[in-house]
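The values are calculated or read from the model by the stated rules, or taken from the named source; none is laboratory data. Note that the structure is a prediction, hence the values are computed from the model and not measured. Quick reminder, even Gly has a Cβ in these numbers, built from the backbone with ideal geometry, and neighbours come from all protein chains shown.
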Amino acid sequence: MIGLDPTFPVAFGPLPAESSNVELGLAPASEINLAYSDIETIAEAGSQSRLDGVVHFGDSVLSALELCAGIGTFGIDHIADLLGESTT
């Protein structure tokens, strides 16, 4: 079942070591596993990565969080519908 309560874990498979096709030699030397406790934590990690990468400035990240609020919920609900599951 897919859910959005705070206990809903989100994890992605490992990113293989030295797997970058874009910047050869700059990929991590070991696998990286990404796991998040909830969808809000994913949003925070994404926001921080845009700041760390100097892609955006702070005010734009805060505005994007406000503007995009609910998109993750919509996506999870849509996936649940496709799988014939309920998010409630």
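Every residue, every condition in (1) under 24 Å from PRO16 (Cα atoms); (2) surrounded by 10 or more Cβ atoms within 10 Å (Cβ to Cβ); (3) modelled with pLDDT of 80 or more, yes or no:
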position: GLU31; (1), (2), (3): yes, yes, no
position: VAL54; (1), (2), (3): no, no, yes
position: GLY58; (1), (2), (3): no, yes, yes
position: LEU62; (1), (2), (3): no, yes, yes
- Pairs under 6 Å by beta carbon, first residue under 21 Å from ILE76 (Cβ atoms) and of a type in the set (Ser, Thr, Tyr) in segment 35-56, partner modelled with pLDDT under 85 and outside any helix (DSSP H, G or I), six or more apart or different chains? TYR36/VAL10
- Item | Residue satisfying all of: in segment 64-88; touching a helix residue (DSSP H, G or I) at 6+ places or on another chain (Cβ under 8 Å) and farther than 22 Å from ALA35 by Cα; modelled with the lowest pLDDT among these | SER86
